[in-house]
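Read the structure below first, then the notes.
Taken together, the values in this text are just the output of simple stated rules run on the coordinates, not laboratory data. Bear in mind that the values here come from a model prediction, so they are computed numbers and not experimental data. Counting neighbours? That spans all protein chains shown, and the Cβs are built from the backbone with ideal geometry, glycine included.
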Amino acid sequence: MILSYRVQDNICIVKIQGELINEGGRELESYVFDLLTEYSVEALAINFQQTDNVDSSGLGALVNIYKKVQTNQMKLVFCQSTNYIFEILRSARLDKLIPVYATEEEALKFLGS
């Protein structure tokens, strides 16, 4: 798994490339928590465009990130998930907690409003 980020208009965008499985969940969690400590952003977008799979540890990490974002009174969205990844998020009911946008542009527009 490869993680990358950029900060744009006070929003941190994290991209996940590969599989968010096994220890990848903890790696993502640590990576995001470090970014939120380093940057004073108002929102976080997680881009799943190049994510191939998410397992239960990955879902757990996403829930922990959601909790951290809520505690910090920030916004969180998911974007550009494939149909497969969206079905995983939907089956875990994460789409009920966290908005999922088809494109990164739509996500950033929502977060900027």
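Tabulated values for the structure
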quantity	calculated
Within-13-Å neighbourhood charge of Ile2 [Cβ basis; K, R +1; D, E -1]	-2
Nonlocal amide H pairs with Asn22, under 5 Å, H built at 1.01 Å	Asp55, Ser57, Gly58
Packing-based exposure ordering (other Cβ within 10 Å, fewest first) of Met74, Met1	Met74, Met1
3J(HN,Hα) from dihedral phi, the stretch 80-86, Karplus parametrisation 6.51/-1.76/1.60, rounded to Hz, x for glycine, proline	6, 7, 6, 4, 5, 5, 4
Neighbour net charge for Glu87 - beta-carbon separation under 13 angstrom, K R +1, D E -1	+1
The chain: proportion of alpha-carbon pairs further apart than 21 angstrom, %	25
Those aspartates and glutamates that a straight Cα-Cα span of less than 18 Å connects to Lys68, excepting residues fewer than 8 apart in one chain	Glu27, Glu29, Asp34, Glu38, Glu42, Asp95
Karplus-derived 3J(HN,Hα), 6.51/-1.76/1.60, for each residue of the stretch 61-76, Hz, glycine and proline x	5, 5, 5, 5, 5, 4, 4, 5, 4, 4, 4, 8, 6, 10, 9, 9
Helix-derived mean residue ellipticity, 222 nm - over the chain, DSSP H n ≥ 4, -39500 (n - 2.57), to 500	-14000 deg cm²/dmol
Amide H partners (placed H, <5 Å) of Ser81, local residues excluded	Phe48
In nm, spacing of pseudo-spin labels at Asn53 and Glu87 (7 Å Cα→C-beta vector)	1.4
Extended-chain gain in nm, criterion 0.36 nm per residue less alpha-carbon gap, Val63 and Glu106	13.3 nm
